[in-house]
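Down below is the structure, laid out as structure tokens.
The values are calculated or read from the model by the stated rules, or taken from the named source; none is laboratory data. Just so it is clear, the structure is predicted and the values come from calculations on it, not from any experiment. Backbone-built Cβ (ideal geometry, glycine too); neighbour counts: all protein chains shown. The protein model used for the area step is the full one, side chains on, heavy atoms only, and it has no ligands, DNA or RNA in it. Shrake-Rupley method; radii C 1.70, N 1.55, O 1.52, S 1.80 Å.
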Amino acid sequence: MSLKNLSKHTVLKAGTLLDPYNKRTYRADLWIKDGFIESIGEFNAPKSAEIIDCKGKIITHGFCDLHVHFREPGREDKETLDTGSLSAMAGGFTRVCVMPNTNPPLDSPEMMNFIKEKAEKCPIHIHPIGAVTKAQNGKDITEMALMFKEGAVAFSDDGLPIQDGAVMRIALEYSTLVGVPVINHAEDECLRSEGLMHEGIISTHLGLPGNPDLAESAMVHRDLELADFTGAKLHVPHVSSAKAVQHIRTMKRKNNNITSEVTPHHLFFNDEALRSYDTNLKVAPPIRTESDREVLIKAVKDGTIDCIATDHAPHTLEDKETTFDCASFGMIGLESAFGVVNKVLVQESGMELIDLISLLTVNPRKIMGFDSDLFSEGAMAEITVIDPDRDWTFDKDHIHSKSGNSPFIGKDLKGTVELTISTNSIYKSQIIK
Amino acid sequence: MLKQKHLLGLEGYPAEDIQTIIDTAFNFREVLERPIKKVPSLQGVTIVNLFFENSTRTRISFELAQKRLSADTVNFSASSSSLKKGESFKDTAQNIEAMKIDAVVMRHPTPGAAKHLTEFIDAIIINAGDGTHEHPTQAILDMMSLHEKFGRLRGLKIGIIGDIVHSRVALSNIYGLTSMGAEVTICGPPNLIPSFLQDLNVNYNDNLDEVIDWADALNVLRIQRERMGIGLVPSNREYRATFGITQERLNKHEKEIIIMHPGPMNRGVEIDGFVADSNQAIILDQVLNGVASRMAILYLLCGGKANVGEN
């Protein structure tokens, strides 16, 4: 097992600290005692301490993913909080927010509690996102205030876009009571219709029903207008199209309550990849064109998009090993995330590593209101050690999720997660060595 | 022999192989004119017709082609709804292959299903229509029929009329005809035309009369009655008035034009009975050529090494 309990004293030695909060990169040792940062720099750790050689490696904040599906309760055959945690640790993530489209959905204070109690036994920090509407019915808003008290960090009916503009308005208005973001999966279901992939040249060739980019951009535009009108916090998930980016960019100029995320898969693939009819590439919103992909990269670089989120969506083999129309939407993404975004954004697009790390650490934590100054003495240890220059090929053995629905299998990636420390657990990557 | 093991679609399919199939099909067409219409070319070859969607003529055409070639055939039919509920597509396919078969002819409502099947089983796969994607054997029989009429495909001007976006016949015809050097114009209601035509190498013209003036032949697609009056097509009479191949419309144009239809026809909707029964229509030739084309495809793919007509 690659996951172990952390020793009472652990020293990360000879590595380079990359602190995205204070925007500093420096050589220093780091001492962890009982799961908390005891000291950084010069110190005298006891001889019994476990020394981990981090020479040539980068030590940074544990990654934070504000968009994962851990399927508990209801579909424990796809993922559980436990298996999802291991998958997250393997990908360098120490903190995640789980989406509420479970069975039953996370739509009550009791369900927030269910996640909170289960999460206490997990090696990473898991926060529930509460449903916006009861049973995700798209009509009746949930007990947001009570759910917030029980740990809800945001509200979303992810997977089920809120179609009714009046309901979205009410939800946004009401959310200002607790001041956390509302996250709406932005797709106009009427425009999406039966669409299975991006509507474009490739869908025309493949004969697959298309889902046009305006199904996303029209909904994003509506949500932005409503957020601006109500003064609520809006977080736009998995932005996929150039048109949606343009709307977000315009609104962000005058409104500070708007944030957005992009997934590694929308940054990596374009719709040409669908020519294989690989059902693992069937996601919502769909993989779009190369020019959309280029706009997404630009939007990440100019700050229109605030963070990376995986939308880790595990599905059983049976759910994916079927014809394209019957296959479920979604792919897993935690284990491959860093290698993908480091390749696309740093290696291929010239972004600075520290800026990429911010997209995985400080920025998502800020959106969710989590403490993001992690390299301070006394802070709970959430640490990820990476080797950004290492080339590797993603394969099945790297997957710790209960599901294997990844189109990244066989893809060459850049940059590995070597070590992840979260509270009292340590994950050491073994396969890559 | 052909370069590809399967016939999944005509996108990127080698033009010389399309020509080989058509040439071979003319040889088989001659067999079909004989008193005894059977050759032993595929003796001992077992072919399964796997139809997940209703079909009358395509299935009969394939079955007849198989019998004329002396292959052993088995039919499997299942509605797509029962497929969704019951046994998975993969299990169905693997069960059938476990019975030792050589080739599968499949029709399925989902685009990409034929390609998907190649991932599960080793048999030769012939796509008999995968949803709104491709129907390559129909396009080959259409091209054979044009070749028969004009003696060539290069330089021919073909209009494809009707619901293009939902039509696998249209897409396969577009790929096949353009790779064989014909020119294609598509014509139909704008909401039934794909929004992204770049890369398809076709023209679009919504004026049927202009297309008739331009074309050597028209391939008239079936308009689904289910689409009439609800949603996509306002009414029967509006469609007929705008895109119907009527006798009156053809009379206005003083030219010979060949009319094709993949069937089944909606007489009085997309095509008038008079036109369908006239000399300029080659609709029944298409049906006969369908058997010959499918014989050629099966023969070339299933390793028939014997000479055509060997006895």
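Answer yes or no: is there a residue in the stretch B:98-111 that is out of contact with any Gly (no Cβ under 6 Å at 6 or more places or on another chain), of a type in the set (D, E, K, R) and crowded, with 17+ Cβ neighbours inside 10 Å.
yes
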Residue that is nearest to A:I141 (Cα to Cα), among those in the stretch A:173-198 that are within 13 Å of another protein chain (Cβ to nearest Cβ) and open to solvent by 50 Å² or more (accessible area, probe 1.4 Å): A:C190
- request: Report whether or not A:K78 is part of a loop (DSSP other than H, G, I, E, B) and in contact (Cβ under 8 Å) with a residue 60 or more places away in the chain.
  value: yes
message: Would you confirm, using the coordinates I've provided, whether A:H9 is outside the structural domain of A:E117 (by TED's automatic domain parsing), touching a Pro at 6+ places or on another chain (Cβ under 8 Å) and not small (G, A, S)?
response: yes
task: Please indicate, with yes or no, whether at least one residue in the stretch B:52-75 is assigned to a helix (DSSP H, G or I) and within 14 Å of chain A (Cβ to nearest Cβ).
output: no
- request: Could you tell me whether any residue of the stretch A:301-308 is assigned to a helix (DSSP H, G or I), in contact (Cβ under 8 Å) with a residue 60 or more places away in the chain and in contact with a Pro (Cβ under 9 Å, 6 or more places away or on another chain)?
  value: no
message: If B:D163 satisfies all but one of (1) among the acidic types (D, E); (2) touching a Leu at 6+ places or on another chain (Cβ under 9 Å); (3) open to solvent by 30 Å² or more (accessible area, probe 1.4 Å); (4) within 14 Å of chain A (Cβ to nearest Cβ), what's the number of the condition it fails?
response: (3)
statement: Going through the stretch B:186-216 in order, the residues found to be open to solvent by 10 Å² or more (accessible area, probe 1.4 Å), over 14 Å from B:R249 (Cα atoms) and not in a loop (DSSP other than H, G, I, E, B) are B:P190, B:N191, B:N203, B:Y204, B:W214
- request: Only one of these is touching a residue at least 60 places away in the same chain (Cβ under 8 Å), in a strand (DSSP E or B), more than 10 Å from chain A (Cβ to nearest Cβ) and open to solvent by less than 40 Å² (accessible area, probe 1.4 Å): B:I140, B:I125. Name it.
  value: B:I125
message: Given the criterion at pLDDT 90 or above and touching a helix residue (DSSP H, G or I) at 6+ places or on another chain (Cβ under 9 Å), identify the matching residue among B:R249, B:R227.
response: B:R249
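Residue by residue, here is whether (1) surrounded by fewer than 20 Cβ atoms within 10 Å (Cβ to Cβ); (2) in the same structural domain as A:A119 (by TED's automatic domain parsing); (3) more than 20 Å from the chain's Cα centre (by Cα); (4) not hydrophobic (A, V, I, L, M, F, W, C) holds:
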{"site": "A:K13", "(1), (2), (3), (4)": "yes, no, yes, yes"}
{"site": "A:T16", "(1), (2), (3), (4)": "yes, no, yes, yes"}
{"site": "A:K23", "(1), (2), (3), (4)": "yes, no, yes, yes"}
{"site": "A:E42", "(1), (2), (3), (4)": "yes, no, yes, yes"}
{"site": "A:A45", "(1), (2), (3), (4)": "yes, no, yes, no"}
{"site": "A:H69", "(1), (2), (3), (4)": "no, yes, no, yes"}
{"site": "A:K78", "(1), (2), (3), (4)": "no, yes, no, yes"}
{"site": "A:L81", "(1), (2), (3), (4)": "no, yes, no, no"}
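When you scan the stretch B:146-158, do you find a residue that is in a strand (DSSP E or B), surrounded by 22 or more Cβ atoms within 10 Å (Cβ to Cβ), modelled with pLDDT of 95 or more and touching a His at 6+ places or on another chain (Cβ under 7 Å), even just one?
Checking the stretch B:146-158: not a single residue is in a strand (DSSP E or B), surrounded by 22 or more Cβ atoms within 10 Å (Cβ to Cβ), modelled with pLDDT of 95 or more and touching a His at 6+ places or on another chain (Cβ under 7 Å).
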message: Go through the stretch A:218-245 and report how many residues are open to solvent by 10 Å² or more (accessible area, probe 1.4 Å) and of a type in the set (G, A, S).
response: 3
